[in-house]
Each structure stands twice: as structure tokens, then as C-alpha cells.
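Below: the structure, in C-alpha cells.
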Amino acid sequence: MSSPNEPSAPEPPRSGSPAREANGAARGSPAGRIVQSTVSAVILVLTCILVPVSVLTVWVHDIVLDTDRYVATMAPLARNEAVQAAAVHRATEAVDARVDARVVTDDVADWLESQGLPPRAANAVRGLAPQLDSAIDGAVTKVATRVVESEQFDGVWTGANRVAHTAVVHALTGQGRGAVGVTDGTVTLNIGTLVDQIKDALVKAGLSPASKIPEVDKQMVLFHSDELGKIRNAAHLLDVVGNWLPVITVLLGAGGVLLARHRRRALARTALGAAFACLVVAIGLVIGRRYYLDHLPPQVQSPAAAAAIFDALVRFLRISLRTAIALGIVVALGAYLIGPGRLPKAVRGASDRTADSAAVWADHHRIHTGRAGTWVEANRRWLTLGAMLVVVLVFALWNHPTVLTILLLVLILLVLLALIALLAASGRVTAGAGAGAGAGAGAGAGGGAERPAGPPPPQGG
């Protein structure tokens with residue numbers, strides 16, 4: 001047994017939780033840091049790739065496969081000159097298919113000849129067939145143009161596209177039917193209602209043979225693609241993923257940033273990488289449009305109308321890609337400005353000096369924030385974080401944001417940060433004035449209590 005005076009043996013160090021020890025070992029050992037950095041890098045690269053894929057998913061799910069939004073997207077094309085010209089051309093072809101001027105002139109010539117007209121004169125009447133055919137074509141085109149340029153065509157176009165939407169879904173997912181036919185990669189729109197309106201207008205205008213026009217082919221080609229089968233498989237996959245892929249992408253990106261050793265730098269690089277990936281897809285969309293228009297099949301009678309339809313269909317996709325690019329640049333710039341570099345420090349210093357100058361000016365003019373300013377100064381970090389989170393939440397809940405949405409939210413965030421900075425600067429001025437007043441009061445009280453040393457008072461005796 002050891003005596004009480006002997007020093008006791010040192011106690012072994014207390015161990016923490018197993019999870020904490022494992023995390024500490026992973027952070028401490030070189031191998032653990034390498035593994036963590038590698039996993040973070042892989043996740044962040046995957047996030048950059050999934051950002052444009054998420055944009056494609058939202059486009060397919062919310063625009064292409066949503067009837068109301070699809071109709072709203074295609075409705076403005078009723079006023080597009082190229083689409084109107086294509087509709088007039090196709091409707092005129094459908095009407096002219098059964099109005100044969102040669103038959104009409106032959107009938108008239110035979111009747112006149114039976115009434116005693118000389119054969120030479122009857123042949124002259126038969127020779128009027130080309131002029132009559134041209135006159136009929138002109139009349140049909142004029143009536144068709146008047147119908148297409150009227151408000152009637154807006155209703156015909158919107159109604160046809162609404163009915164046709166199920167067939168567009170069929171073209172992209174293999175499910176459903178509608179007024180759009182899908183054959184060998186060609187998507188056509190039934191304009192039978194438009195042809196019927198033109199036929200009625202011709203009859204009312206006095207062209208009675210138009211009433212005998214039977215049901216003929218009245219299909220207008222919207223677009224054609226030999227790769228429709230592959231597009232269909234990809235669209236079906238994106239439709240299955242739905243709106244979950246953007247959420248998964250955000251969660252993956254957040255996890256990769258949290259695993260990174262330098263989180264601010266990782267956030268900036270991920271944002272720029274995602275913006276670059278979206279830029280690549282946007283460039284690919286431009287190249288794909290050019291390739292598509294340069295390889296239109298004979299079924300597409302109007303390249304201008306095909307271009308207008310293509311542009312209308314991918315308009316939301318283009319806007320979303322631009323929005324993602326702008327958002328990536330804004331996030332990367334924000335991550336840089338909160339860093340330790342010279343420029344970020346200079347920007348933050350200039351901002352604080354401006355706020356301090358404004359607070360001093362307000363104090364000289366007896367404009368005070370009181371306890372609110374000192375409270376803001378004490379909680380400035382959390383208030384700044386809260387303002388950023390609120391702006392991020394508003395952006396996440398915004399329905400189809402655009403570049404203007406991002407600029408507006410950035411402006412709102414800057415206003416909130418400036419307000420916080422001004423209140424904090426006013427709090428610092430208030431606190432400094434209170435400290436100075438306290439020091440002056442303390443000095444005055446101390447001077448009244450002390451007495452100068454001097455000779456003792458005389459004793460009586």
C-alpha cells in the first residue's frame with residue numbers, strides 16, 4: 001500500500017463518444033482528410049452535372065407535360081406571321097384539293113356548245129381554265145388569310161393545341177392520344193376546324209363549289225425528328241423523376257460543401273461549375289436548333305413556322321438555364337465577398353465606414369435608434385444570416401424564377417444588409433456615447449470625495 005503522502009498515479013484521459021473520436025481521427029489523419037476531400041469533390045462534381053439536368057426535368061414536368069402551361073406557351077403563336085402563313089398555305093391546299101377549274105370550264109363549255117355555241121368559242125372557254133384556277137386560288141387565299149388573321153383563329157389554334165396536348169405527351173412518353181398525330185417522328189396538328197371555317201366563308205362569298213369539298217387530309221406538320229424514340233425515352237425518365245431531382249441536387253450540393261475542408265471556396269467553385277454546366281447546355285440548345293432547322297424534312301412546309309414553334313416550346317428552358325447561370329454567378333460572388341481577400345475586406349471596410357459616417361451624422365442631428373441599435377449590433381451576425389436565409393427561402397418558393405427575379409432578390413438582400421449595418425453603426429455610436437458619459441460621471445464623483453492633504457486642524461487647549 002502506498003502512503004498518503006505519495007503522489008497518486010495520473011488518471012487516464014476520459015474518452016468521448018465513439019462518433020466524436022471517429023470524426024476526430026478522420027479529421028486528424030492524412031488518409032481521413034484525403035478520403036473526405038475526395039468524397040466531397042465527387043459529390044460537388046455530380047451536383048454541377050445534375051443542375052442542368054434538374055432544369056430539364058422541371059421543363060419537361062411543368063411545361064411539356066402540363067396542359068394549361070403548354071397551351072399558354074403555344075397560344076401566342078396564333079399571332080406569329082410565320083405560323084399564320086403556314087396555316088393559310090396548308091388550309092388553302094386542303095380547300096383547293098377539290099375545286100378543279102378544268103372541270104368547271106369543261107362543264108360550262110359543254111353546256112354552251114349544247115346551246116349552239118361554235119366549237120371554236122367553246123374551246124376558248126375551255127382555255128380559260130388556268131385563269132379561272134388562278135382566280136379561285138386567289139379567292140381561297142384571300143378568304144383563308146382573312147380567317148387566319150381574325151380572332152377566330154386564336155380560338156381554333158388554342159383549342160387545337162389543348163386537344164393536341166395529350167398527343168404531345170404521347171410523342172414524349174408514349175402514352176395518350178389526341179389531335180396530334182405521331183408517325184415516324186413527325187408530329188402533326190389537325191386543323192380541320194380551320195378548313196371548315198374557310199369553306200363556309202367561301203360559300204358565303206359566292207363560291208358554291210366549295211360546299212362540295214369533302215373530308216380531306218387537314219394535317220399541319222408541327223415538327224419532325226428522327227431521334228423522337230430516344231427523346232421519348234429520355235422524357236419518360238425525366239417525367240418519372242419529376243420535381244424531386246432539384247431537391248436531391250440541392251441536398252447533394254449542401255452535403256458536398258459541408259464535407260469540404262474549405263467550405264466557402266467549395267461553395268464558390270460549385271456555383272461556378274453549375275453555371276458553366278448550364279452554359280454548355282444553353283450553347284448545345286443553340287447548336288441543336290440550328291441543326292434541326294438545317295435538316296428539316298419535306299413534310300415541314302414552313303421552316304419559319306417550325307423555328308417559331310421550336311422557340312416557343314423551349315422558351316421556358318432557355319429562361320431557366322439563364323436563371324441558373326445568373327444564380328451561380330451571384331452565389332459565387334457572394335461567397336467571394338465574405339472571404340478574407342483584400343478586395344472583400346476593402347468592400348466590407350468601406351461599407352462599415354459609410355455606415356459609421358451615416359450613424360455619426362444622425363447622432364449629431366439627434367436621430368437615435370436607442371436600444372434597437374445596440375441590440376442589432378449585438379446580434380448582427382445572426383440577423384445577417386437570417387436575412388440571407390429569408391431571401392433564399394423566397395427564391396426557393398418562387399414559381400419559375402427568372403434573371404430579373406434574382407436581381408430583385410439581390411437588391412432586397414442588399415437593402416436589408418445596409419439597414420442592418422446602419423442600425424449596428426448607430427448602436428456602436430450610442431454605446432460609445434454612453435461609455436464616454438459614464439467615464440465623465442465617474443471622474444466627477446471621484447473628485448468630490450477626495451480631499452487635499454494638509455496640516456491637521458489645531459488642537460484646543
query: Top to bottom by accessible area (1.4 Å), largest first, where do Asp352, Asp294 land?
result: Asp294, Asp352
message: Suppose accessible area is computed on protein heavy atoms with a 1.4 Å probe; arrange Cys278, Cys48 from highest to lowest.
response: Cys48, Cys278
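What FRET efficiency do you get for Asn243 and Lys142 if R0 is 51 Å and r is their Cβ-Cβ distance, rounded to the nearest 0.05?
Once the sixth-power term is evaluated, E becomes 0.55.
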message: What does the net charge come to around Ala275 if you take all other residues with beta carbon closer than 13 Å to its beta carbon, with K and R at +1 and D and E at -1?
response: +2
field: Residue-level accessible surface for Leu321, protein heavy atoms, 1.4 Å, Å²
entry: 0 Å²
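Say R0 is 45 Å: what FRET efficiency, to the nearest 0.05, do Trp382 and Ala75 get from their beta-carbon distance? Walk me through the intermediate numbers first.
Values: r = 48 Å, r/R0 = 1.06.
Efficiency at R0 = 45 Å is approximately 0.40.
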field: Candidates per trypsin sites (Lys or Arg not before Pro) in region 362-432, loop by DSSP, up to 13 other Cβ within 10 Å
entry: Arg366
query: Probe 1.4 Å, all protein chains in place: accessible area of Ser37 in Å², nearest 10?
result: 50 Å²
- prompt: Roughly how much of Tyr70 is accessible, in Å² to the nearest 10, using a 1.4 Å probe?
  reply: 10 Å²
- request: Taking the dipole about the Cα centre of region 236-377, with the C-beta of Lys and Arg at +1 and of Asp and Glu at -1, give me whichever of Leu279, Val257, Leu237 is farthest to the positive side.
  value: Val257
- prompt: How much length is gained on full extension from Ser351 to Glu93, taking 0.36 nm per residue of separation minus their Cα-Cα distance?
  reply: 85.9 nm
field: FRET efficiency, Trp361 to Leu252 (Cβ-Cβ, R0 45 Å, nearest 0.05)
entry: 0.40
- prompt: Using heavy-atom solvent-accessible surface (probe 1.4 Å) with all chains present, what is the largest-first order of Trp59, Trp382?
  reply: Trp382, Trp59
Two-site label geometry, Leu343 and Leu407: point separation in nm, points 7 Å out along Cα→Cβ: 2.1 nm
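The values are calculated or read from the model by the stated rules, or taken from the named source; none is laboratory data. In this text, all values refer to a predicted model and were calculated from it rather than measured experimentally. Cβ atoms come from the backbone with ideal geometry, glycine included; neighbour counts cover every protein chain shown. Only protein heavy atoms, including side chains, enter the accessible area calculation; ligands, DNA and RNA are left aside. Shrake-Rupley method; radii C 1.70, N 1.55, O 1.52, S 1.80 Å.
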